[in-house]
Amino acid sequence: MSRGQTTLDFAVGISLFLAIVLFVYLFVPGILTTFTDGTPSETVTANRVADDLALGLLGSPSEPNVWDRECAVAFFDATTPGGCNFAGSTTNERVGIAPRENVNVTVIGNVSADPDPGSDRLCWDDSAAALAETDSGCTGTNDVTLAAGDQAPSTNADSVTATRVVSLHGEAVTVEVVMW
């Protein structure tokens with residue numbers, strides 16, 4: 001005699017199906033997210049600012065991801081030389097966002113022969129005419145730390161970070177845009 005499907009079999013099957021659908025609905029979007037948590041407008045804005053910086057704001061749009069050294073140093077030194085694609089006195093004005101937004105732009109990399117694979121914040125060492133890590137160089141009066149904007153809070157979980165890799169003075173460096 002063959003046994004048919006009982007109510008208990010149906011209930012177990014439906015429960016298992018709903019549990020799997022719920023798991024996929026809640027878990028998979030978190031895996032596919034490319035940014036840290038934040039408001040959707042901050043995510044879009046951080047991505048736009050990073051793209052603008054990498055693709056031509058500090059260089060030529062005909063050579064994306066290659067920064068002009070003079071424009072990059074002027075951007076982080078809060079000066080406005082001729083021939084650069086930005087204007088304004090604040091970081092927000094230079095990247096084209098509202099004054100109420102909080103933004104920090106930092107250039108990091110490993111430009112020394114240090115075997116440590118970590119990246120450090122970079123600066124422009126004017127006396128050596130080269131990039132250097134801030135912890136091992138840039139002690140002169142004309143040296144410029146390649147960071148602009150307010151310091152991002154270390155405990156703020158509602159920040160958004162977008163990164164791009166660009167070439168600056170022949171070195172591959174990472175541009176980190178943090179908004180909160």
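The values are calculated or read from the model by the stated rules, or taken from the named source; none is laboratory data. Source: prediction; values computed, not measured. Reconstructed Cβ throughout: ideal geometry from the backbone, glycine too, with neighbour counts over all protein chains shown. Protein only, heavy atoms only, side chains kept; ligands, DNA and RNA dropped before computing areas. Shrake-Rupley method; radii C 1.70, N 1.55, O 1.52, S 1.80 Å.
Numerical summary
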quantity	calculated
For the chain, built as a Gaussian network whose Cα springs stay under 10 Å, the top-fluctuating residue of 46, 129, 11	11
Highest to lowest packing among 100-107, 81-88, 12-19, 58-65, scored as the average C-beta count within 10 Å	100-107, 58-65, 81-88, 12-19
Charge dipole (the chain, unit charges on Cβ, about Cα centre) - positive-most of 155, 10, 46	10
FRET efficiency estimate (nearest 0.05) - Cβ-Cβ, residue 135 to residue 28, R0 41 angstrom	0.50
Residue 70 accessible area, assembled protein chains, probe 1.4 Å, Å²	120 Å²
On Cα atoms only, tilt of 40-52 relative to the major axis of the chain in degrees	40 degrees
Student exercise, the chain dipole from Lys, Arg, Asp, Glu Cβ charges, in Debye to nearest 20	880 debye
Rough spin-label spacing in nm, given labels placed 7 Å along Cα→Cβ, for residue 128 and residue 17	6.7 nm
Cα-based Kirkwood hydrodynamic radius, the chain, one decimal, Å	18.9 Å
Pair residue 100, residue 172: separation of 7 Å Cα→Cβ label points (nm)	4.0 nm
Selected from 96, 172, 131, residue furthest toward positive end of dipole (the chain; charges at beta carbon)	96
FRET efficiency for residue 87 and residue 112, using Cβ-Cβ distance with R0 set to 45 Å, rounded to 0.05	0.85
Dipole moment magnitude, nearest 20 debye, the stretch 73-180 about Cα centre, only Lys, Arg, Asp, Glu C-beta charged	420 debye
Stretch gain in nm, segment residue 150-residue 165, where the contour uses 0.36 nm per residue and the Cα spacing is subtracted	3.2 nm
